[in-house]
């Protein structure tokens with residue numbers, strides 16, 4: 001079960017990694033530099049924020065909302081989560097899907113940030129591709145008294161710069177972990193069924209939030 | 001406890017036998033009409049049974065979780081770390097053995113070094129000095145070793161208390177448990193106390209994970225299952241699994 005803990009811990013970081021400063025130079029960063037800068041930023045914010053450490057989920061959401069989102073390519077994430085079913089969606093549906101999926105990921109995982117305190121990160125050498133091919137940036141989250149957590153990011157080049165489209169914690173892709181579920185829903189109830197499933201879930205989370 | 005492991009072993013073997021013998025899945029009706037069982041998921045032929053066990057586990061956890069929450073509130077952080085280090089240290093010899101069984105000599109040697117350093121300088125394992133010296137903690141078990149050796153994964157199973165394990169990992173667990181250092185103290189009370197603390201400490205470490213999974217998952221059973229598949233594959237390849245084709249189900253061809 002330890003993997004599971006690692007998964008969530010890493011998960012928190014993964015979304016939080018982007019929750020750091022958005023300097024104008026962000027667009028110019030190489031993928032590994034982007035990940036490093038943002039990770040360091042987030043860790044230092046969380047290290048100093050007693051509210052987040054103490055479980056203030058609302059504040060964690062704000063942090064993620066304000067700073068994580070710019071570095072994620074949610075459209076591509078949603079496409080990856082849906083696999084072949086993505087092509088069944090029209091342009092308007094795709095927009096809704098990405099919007100709902102984004103809300104789910106942010107709402108769900110920002111509270112995993114709470115409970116962080118003394119974590120630090122280590123960066124493995126990244127093989128940078130020639131041109132605009134996708135790249136995998138590998139990091140490890142170190143925690144006192146625990147095994148390092150493997151935390152990898154897949155990034156792709158967009159017109160705005162490098163953007164994350166998958167987060168892999170201890171080998172578990174947080175995006176493709178939904179694929180079976182999403183595929184099945186689309187096959188049973190169509191693309192609109194999946195949109196409804198996502199938005200119902202988000203409403204439910206919103207209602208349950210204190 | 002011996003009977004328990006024999007039982008487990010027997011169960012696993014018979015289950016894997018059944019699975020290979022029959023192509024018809026033993027899928028039961030879902031207790032929850034909203035949850036559609038993944039129609040004939042090829043790696044989870046006993047989904048009906050597994051979902052039942054999953055509910056059993058949730059029931060057991062209704063009792064365990066409050067204890068873990070109490071433990072979490074009462075025990076100070078540094079003590080928690082010490083407890084975690086202690087159990088980590090007694091687990092390291094078997095981790096070393098598994099690395100060696102997989103032919104990973106460097107890692108195995110490093111694990112042996114960890115035990116030597118932590119047991120002495122680290123005061124019976126309470127302080128993880130070895131990590132500070134650059135001897136990193138590994139996570140190996142016999143299930144991974146079997147995977148390395150090419151043993152097939154068998155059907156996915158959900159066990160009470162133990163949680164998710166395919167047949168291969170269930171066998172692996174039987175070996176892990178048979179060599180569990182906590183089986184060796186002669187004093188039954190010491191044995192039980194240690195096992196109890198370890199269990200509660202583990203459960204407490206998962207508390208923060210709980211609410212996240214509750215929120216993330218549309219169907220908790222499936223979310224955990226799919227994550228388990230990805231996670232174990234990654235563990236067997238020590239963090240560098242070969243890429244899969246893009247159907248995303250994580251299955252080897």
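The values are calculated or read from the model by the stated rules, or taken from the named source; none is laboratory data. The structure displayed is predicted, hence computed values, not measured ones. Don't worry about glycine lacking a Cβ; one is built from the backbone with ideal geometry, like all the others, and counts go over all protein chains shown.
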Report, ordered by the first and then the second residue, all pairs with beta carbons closer than 7 Å, sequence separation of six or more or different chains, a first member in segment A:138-149 that is more than 10 Å from chain B (Cβ to nearest Cβ), and a second member that is modelled with pLDDT under 80. A:141/A:9; A:141/A:10; A:141/A:13; A:141/A:148; A:141/A:149; A:149/A:6; A:149/A:9; A:149/A:10
Only one of A:115, A:83, A:131 is on the phi > 0 side of the Ramachandran plot, modelled with pLDDT under 80 and within 14 Å of chain B (Cβ to nearest Cβ); which? A:115
Name the residue, out of A:42, A:38, A:64, that is within 14 Å of chain B (Cβ to nearest Cβ), crowded, with 17+ Cβ neighbours inside 10 Å, touching a helix residue (DSSP H, G or I) at 6+ places or on another chain (Cβ under 9 Å) and modelled with pLDDT of 75 or more. A:64
Flagged in segment A:45-60 as closer than 24 Å to residue A:178 by Cβ and crowded, with 20+ Cβ neighbours inside 10 Å, in numbering order, are A:60
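Evaluate the following for residue A:155: is it touching a strand residue (DSSP E or B) at 6+ places or on another chain (Cβ under 6 Å), in a strand (DSSP E or B) and closer than 30 Å to residue B:125 by Cβ? If you could, list the steps in order and put the result at the bottom.
On the way: touching a strand residue (DSSP E or B) at 6+ places or on another chain (Cβ under 6 Å): yes; in a strand (DSSP E or B): yes; closer than 30 Å to residue B:125 by Cβ: no.
For residue A:155, the condition - touching a strand residue (DSSP E or B) at 6+ places or on another chain (Cβ under 6 Å), in a strand (DSSP E or B) and closer than 30 Å to residue B:125 by Cβ - is not met.
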Has segment B:99-118 got at least one residue that is under 18 Å from the mean Cα position of the chain (by Cα), more than 17 Å from residue B:133 (Cβ to Cβ), modelled with pLDDT of 95 or more and in a helix (DSSP H, G or I)? yes
Among the listed residues B:161, B:90, B:95, B:123, identify the single one that is outside any strand (DSSP E or B), within 22 Å of residue B:198 (Cα to Cα) and modelled with pLDDT under 95. B:161
Only residues that are crowded, with 20+ Cβ neighbours inside 10 Å and over 17 Å from residue A:171 (Cβ atoms): list them for segment B:217-233, please. B:219, B:221, B:222
Which count do you get for residues in segment A:67-89 that are surrounded by 19 or more Cβ atoms within 10 Å (Cβ to Cβ), more than 18 Å from residue A:174 (Cβ to Cβ) and touching a strand residue (DSSP E or B) at 6+ places or on another chain (Cβ under 9 Å)? 0
So which residues in segment A:120-147 are under 26 Å from residue B:129 (Cα atoms) and buried (at least 23 other Cβ atoms within 10 Å of the Cβ), if there are any at all? A:139, A:141
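Residue-by-condition table, conditions (1) surrounded by fewer than 22 Cβ atoms within 10 Å (Cβ to Cβ); (2) over 25 Å from residue A:149 (Cα atoms); (3) within 13 Å of chain A (Cβ to nearest Cβ):
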residue: B:117; (1), (2), (3): yes, no, no
residue: B:121; (1), (2), (3): yes, yes, no
residue: B:141; (1), (2), (3): yes, no, yes
residue: B:151; (1), (2), (3): yes, yes, no
residue: B:161; (1), (2), (3): yes, no, yes
For residues that are more than 14 Å from chain A (Cβ to nearest Cβ), touching a helix residue (DSSP H, G or I) at 6+ places or on another chain (Cβ under 6 Å) and in a loop (DSSP other than H, G, I, E, B), tally how many sit in segment B:170-220. 2
Only one of these conditions is not met by residue B:136: (1) closer than 24 Å to residue B:203 by Cβ; (2) facing another protein chain (nearest Cβ under 10 Å). Which number is it? (1)
Given the criteria buried (at least 18 other Cβ atoms within 10 Å of the Cβ) and within 14 Å of the chain's Cα centre (by Cα), does residue B:200 qualify? no
Return the pair list, or none, for Cβ contacts closer than 7 Å from residues in segment A:28-39 that are without any contact (Cβ under 8 Å) to a residue 40 or more places away in the chain to residues that are assigned to a helix (DSSP H, G or I), at least 6 apart or on different chains. A:38/A:17; A:38/A:71
